[in-house]
Amino acid sequence: MSEPPRPNVEADVADEIEFHLAELIQEYRAAGHPPEEARALALRRFGETRRVARAMRKLAHRREQTLRRQDWIEGLGRDLRFALRQLTRRPGFTAVVVATLALGIGANTAIFSAVNAVLLRPLGATNLDRVVFLHDNIPALPLYETALDPSETLQLTQRTEMFEAVGGTATRNPVLTDMGEPRRLAAARTLGGFFDVFGATPYLGRIYRPEESEGGGHRVALLAYDFWRQLGADSGIVGRTIRLNAESFEVVGVMGPDFRYPRGVQLWSPFPITDQTRINQGRLYLATVARVRPGIGEAQLRSRLDAFTLETHPGNQLSGFYMTSRDFVSEFAGELRPALLALLGAVGLVLLIACANVASLQLVRTTGRSRELAVRAALGAGNRAIVRQLLVENLLLALAGGLLGVAAGWGILKVLEWRGAAQLPALGSVGFDPRVLGFAALATVTSGILFGLAPAWRGARTDPQQGLKEGSRGTLSVRKSRLLQGSVVVQVALTLVLLLGSSLMIQTLARLLDEEPGFAAERVHTFRLTVPTPIQQPELTALYDELLGRLRRTAGVEAVGMISELPFSGSNDSSPFSIRGRAADSTGPALHANLHTVGGGYFAAMGIPLLKGRAFADADRKETLWVAVIDEQLARQYFPNEDPIGRVINQGPDATIVGVVGTVSQGALGEARKATVYYPYSQHDWYANMYLTVRTSLPMAAVFPVIRRVVAEVNPRVPVFEATTMTERVNASLAPRRLAMTVLVGLAAVSLGLAVLGLYGILSYAVSQRAPEFGIRVALGARPAQVRRMVVREGLGLGVAGIAVGLVVALVAARGLTALLFGVSPRDPASYLGAAAMLAVVAVVASYLPARRATRVNPLETLKAE
Amino acid sequence: MPVPSVGLLQGSLDILILKTLSWRPLHGFGIARWIRQVTDDALDLEEGTLYPALYRMENRGWVRTEWRLTENNRRARYYRLTPAGRRQLAAETNEWETFVRTMRKVLRAVPEGA
């Protein structure tokens with residue numbers, strides 16, 4: 001709608017004053033005053049003209065503004081009503097556009113909400129950018145990024161010039177004995193200013209002070225929010241005592257619902273400091289976090305840590321020992337971080353594809369509407385008005401897509417949660433918050449502008465004369481429109497990137513599943529059990545003996561064993577050791593190995609092969625020779641040219657090597673393997689937390705009750721929990737990658753569908769447009785095959801251009817996947833070739849259908865229609 | 001007759017203009033001339049002050065304007081009262097009359113028992 005011509009404020013004001021003065025002068029002249037005098041009198045009568053004019057202009061401008069604003073709002077209302085009519089008149093088109101956008105925005109919203117929960121505000125705190133993990137590194141062992149010895153953490157808490165706060169945690173599993181059935185808890189003992197590092201505040205009560213670790217530690221505890229809820233959410237709990245491992249702890253407070261570190265912990269208590277704690281014993285098990293002072297950069301922190309290690313470990317040049325820091329948020333998220341970032345990139349591509357797709361649909365439609373637009377332009381609508389009208393329509397479409405998208409995102413999230421939360425506990429707290437909704441709104445508006453600009457730009461260029469002359473059918477030559485071609489190329493190119501990513505992830509998973517973990521996971525059922533302490537050591541051994549004996553005799557059980565740190569359970573223990581008779585190399589680092597305590601037929605139950613010597617036997621008792629079994633890795637690394645059997649190692653008490661077993665992966669498939677020593681529980685009799693490993697063909701549902709019953713028969717106070725098959729544990733370690741792969745494959749499929757629709761739609765349109773031309777060609781004797789080839793060539797041309805662009809983009813984008821890949825290069829030529837070939841085939845198929853239609857035209861019909 | 005205080009004049013300018021326009025559309029000069037005649041020039045108005053008042057009234061929707069030719073064939077901007085302006089006049093007249101009645105009562109009062 002054109003606006004009425006605006007009156008000129010300046011001229012009006014001048015004219016009005018001029019008229020008034022002229023009339024006054026005339027009056028004074030009529031009264032007999034001479035001209036000069038009449039003018040002076042008139043001016044006096046009127047007052048100061050300049051001041052009056054200024055006041056008038058100001059008021060007039062204010063009025064103009066008000067009017068303009070009203071016009072604008074009315075115009076917008078008109079545009080909205082018009083847009084609604086336009087969109088409801090073509091429900092099919094509108095539905096396709098809205099669904100496409102909803103898909104793109106929904107996928108983005110879902111993935112972003114995961115990114116938000118896991119990476120942006122993992123503990124409900126947003127200012128974690130200065131929080132780091134501190135690690136020890138001993139290259140000669142080789143040991144990298146390990147936890148710290150408690151003495152090191154203690155020393156670091158004094159380094160206030162580097163850190164505002166330093167804290168350490170070690171997890172343990174005490175048994176809660178005074179609230180119903182005994183149950184094992186996930187608890188953390190914290191050292192130093194652990195809670196200050198995160199700026200955490202209690203939900204109820206108080207946070208215990210670092211000093212409460214002194215003198216063996218106060219018996220106080222903080223409860224996690226979820227655990228407090230499980231206990232009945234009683235706000236009077238502060239000040240009460242609970243019994244853990246038969247010791248009384250006073251509950252001093254409850255933490256907030258978002259504070260979940262270490263993950264899954266139900267209770268925090270002070271780490272006891274004794275005189276022993278202050279001596280570095282090389283027990284690298286205290287996960288240490290620190291808040292770096294503001295103004296200390298990465299390089300500065302590194303040099304200060306170097307100075308610190310030089311001071312505290314004077315021999316560090318010899319062992320190569322050094323400390324490193326790593327960003328807390330990225331390490332906390334672990335493998336989820338690269339997976340989520342890759343997915344965020346992928347859903348971004350999908351949204352771009354959706355936008356390109358909608359843009360091409362819109363272009364074709366805007367062209368179909370060129371007559372309408374021409375009429376409006378001819379009636380005086382300015383370019384700006386037409387662009388605004390089209391933008392309003394597009395934003396309306398985007399809004400509908402956005403609203404539906406947020407709903408879809410919610411659905412996607414629920415499915416992901418249901419499918420993945422069990423394996424990815426970090427995803428448990430994913431939800432929609434204002435930040436996620438803000439992101440969805442931003443995605444909506446951005447996409448509305450992205451797909452709306454091209455058609456609006458074209459719409460604005462409509463030449464009224466041209467539009468009216470061409471007749472009712474507006475045309476846009478596909479061959480001439482760079483915009484249309486561009487949108488197809490973009491869709492094909494980005495689809496190729498997603499196909500490639502999927503292919504790389506599928507290969508990664510396949511390679512990882514091919515990796516031998518060193519044990520036979522099938523049919524192995526695992527359980528955890530915790531014996532309430534304190535317990536006398538002979539009793540503990542007797543309890544394990546009886547338990548394993550009874551289980552071995554249970555029907556259906558082929559083999560049964562136990563171990564202190566089960567592979568793929570997330571637990572591990574390692575420490576230095578020495579070899580008797582071999583001079584300690586004072587210049588070199590201490591030797592280092594995992595140490596696990598096992599019992600019963602652990603190796604048999606897990607299917608770990610015995611390579612040399614013997615496994616542990618019932619005859620290995622505390623009074624007999626202390627023995628150890630080493631793995632192949634240790635034999636190869638430390639006894640390269642000699643027989644390890646009969647050699648004595650020391651990793652605490654002396655132990656004689658009696659056997660060599662196969663090496664297993666401890667934490668993840670495909671990881672570098674570390675030397676490991678196994679000891680029998682009958683000699684290393686201080687482990688009250690054990691994993692049971694049972695090899696049987698029975699299903700878990702049948703095995704678990706049996707295990708429970710047998711354990712209860714032996715000792716009713718021992719809880720059994722975490723019933724999981726070994727296969728489930730191995731799979732869980734692949735969960736982040738599996739999530740990335742599943743979602744990527746889904747996204748690639750959706751994109752492929754969109755790209756096919758895009759190509760097919762545009763070619764169909766081109767064919768319908770050129771029907772007369774084809775008619776003439778056929779009339780002039782062209783064979784249908786020739787016409788078909790022409791159309792297919794056109795589609796294939798666009799496809800090839802898209803593939804070429806896509807290959808270049810993919811080379812760059814694939815680098816983002818590097819952290820997730822295993823056994824396949826981000827530049828794997830076969831994957832690139834496969835993705836390109838797949839798209840080429842798709843381009844031919846999408847072109848062939850319109851091409852066939854092109855040759856079905858009856859030359860006579862089309863010529864008549866002209 | 002002494003010139004009334006500026007405050008009183010400012011407050012009453014709107015009602016004077018509205019009253020003037022209540023019979024017919026007029027241009028600014030016409031309004032000034034009419035006020036002068038009716039009041040025997042007692043207000044000694046600076047006629048330029050009418051215009052900001054008129055513009056303000058236009059912004060408030062009390063008057064509408066259009067450019068027309070005068071009887072002498074000159075282009076002038078005519079102001080016409082809108083229904084809103086007419087309602088405003090009625091309201092202000094009422095207010096004024098109440099005020100004047102009250103003042104008169106006060107000024108004519110005699111002490112009790114006199």
**Where Rh is the Kirkwood radius over Cα pairs, Rg/Rh for chain A** = 1.14
**Complete:** Here region B:82-90 yields Karplus 3J(HN,Hα) values (6.51, -1.76, 1.60; θ = phi - 60°; whole Hz; Gly and Pro given as x) of 8, x, 4, x, 5, 5, 4, 4, 4
**Message:** Before I look further, what does chain A give for accessible area per residue, probe 1.4 Å, in whole square angstrom?
**Reply:** 45
**Complete:** Output ordering of A:789-802, A:443-456 (per-residue mean of other Cβ within 10 Å, highest first) is A:443-456, A:789-802
**Prompt:** From the backbone phi of region A:505-512, what are the Karplus-calculated ³J(HN,Hα) couplings (6.51 cos²θ - 1.76 cosθ + 1.60, θ = phi - 60°) in whole Hz, Gly and Pro given as x?
**Reply:** 5, 4, 5, 4, 5, 4, 4, 5
**Request:** Can you check what the net charge comes to around A:V660, using other residues whose Cβ is under 15 Å from the Cβ of A:V660 (Lys, Arg +1; Asp, Glu -1)?
**Result:** +1
**Prompt:** Ranked highest first by average number of other Cβ atoms within 10 Å, how do A:276-283, A:194-201, A:209-216 line up?
**Reply:** A:194-201, A:209-216, A:276-283
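Return one whole number: the accessible area per residue of region B:6-108 in Å², for a 1.4 Å probe. Intermediate values should be presented prior to the final figure.
On the way: 5870 Å² over 103 residues.
Per residue, region B:6-108 has 57 Å² of solvent-accessible surface.
Among residues other than A:D433 whose Cβ falls under 12 Å from its Cβ, what is the net charge (Lys/Arg +1, Asp/Glu -1)?
Details: positive: A:R121, A:R435; negative: A:D258.
Cβ neighbours under 12 Å give a net charge of +1.
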**Item:** Under-5 Å amide H pairs with A:F822, H placed in peptide plane, nonlocal only
**Value:** A:T508
**Request:** Towards the positive end of the charge dipole of chain A, with charges on Cβ (+1 Lys, Arg; -1 Asp, Glu), say which of A:V392, A:A339, A:V750 has the farthest Cα.
**Result:** A:V392
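Helix-derived [θ] at 222 nm for chain A: sum -39500 (n - 2.57) over DSSP H runs of at least 4, divide by residue count, nearest 500? The partial results should precede the final answer.
Working: 26 runs with 448 residues, N = 866.
Taken over chain A, the calculation gives -17500 deg cm²/dmol.
Given charges of +1 on the Cβ of Lys and Arg and -1 on the Cβ of Asp and Glu, with all other atoms neutral, how large is the dipole of chain A about its Cα centre, in debye to the nearest 20? Write down the numbers at each step before the final one.
Working: 93 positive and 75 negative charges, 846 e Å.
Dipole magnitude for chain A comes out near 4060 debye.
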**Request:** Would you please classify the overall shape of region A:74-172 from the alpha carbon gyration tensor, given that a ≥ b ≥ c denote the square roots of the eigenvalues, rounded means a/c under 1.5, and beyond that prolate means a/b larger than b/c while oblate covers the rest?
**Result:** prolate
**Item:** List of region B:55-96 residues, accessible area with partners at least 50 Å² below that of the chain alone (1.4 Å probe)
**Value:** B:Y55, B:N59, B:W67, B:R74
**Request:** Mind grabbing the accessible area of B:K19 for me, 1.4 Å probe, Å², rounded to tens?
**Result:** 90
**Asked** With every protein chain left in place, what is the accessible area of A:R260 in Å² (1.4 Å probe, nearest 10)?
**Response** 100
**Message:** Of B:T98, B:L50, B:W23, which is farthest towards the positive pole of region B:6-108's charge dipole, taken about the Cα centre with +1 and -1 on the beta-carbons of Lys, Arg and Asp, Glu respectively?
**Reply:** B:W23
**Message:** Restricting to Cα pairs below 8 Å that are 6+ residues apart, what does the relative contact order work out to for chain A? Please round to a whole percent.
**Reply:** 15
**Prompt:** So how much accessible surface do A and B hide from each other in total, probe 1.4 Å, in square angstrom to the nearest 100?
**Reply:** 2200
**Fill in**
Expressed as a percent, the accessible surface of the protein assembly as shown that is carbon or sulfur, using a 1.4 Å probe and the full set of protein chains, is 57
**Item:** Descending Cα extents along the principal axes, region B:6-108, whole Å
**Value:** 51, 29, 21
**Prompt:** Using modelled amide H (1.01 Å from N, peptide plane; none on Pro or chain starts), what sits under 5 Å from the amide H of B:L26, excluding residues fewer than 5 places away?
**Reply:** B:Y79
**Request:** Please report, in debye to the nearest 20, how large the charge dipole of chain B is about its Cα centre when each Lys and Arg carries +1 at its beta carbon and each Asp and Glu carries -1 there.
**Result:** 500
**Request:** For region A:45-69, list whatever residues lose no less than 10 Å² of accessible surface once every protein chain is in place, relative to that chain by itself, with the probe at 1.4 Å.
**Result:** A:R45, A:F46, A:G47, A:R51, A:V52, A:A55, A:M56, A:L59, A:A60, A:R63
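The values are calculated or read from the model by the stated rules, or taken from the named source; none is laboratory data. Predicted, not measured: the structure shown is a model, and the values here were computed from it. Note: ideal-geometry Cβ built from the backbone for every residue, glycine included; neighbour counts use all protein chains shown. These accessible areas exclude ligands, DNA and RNA; they are computed on the full protein's heavy atoms, side chains included. Shrake-Rupley method; radii C 1.70, N 1.55, O 1.52, S 1.80 Å.
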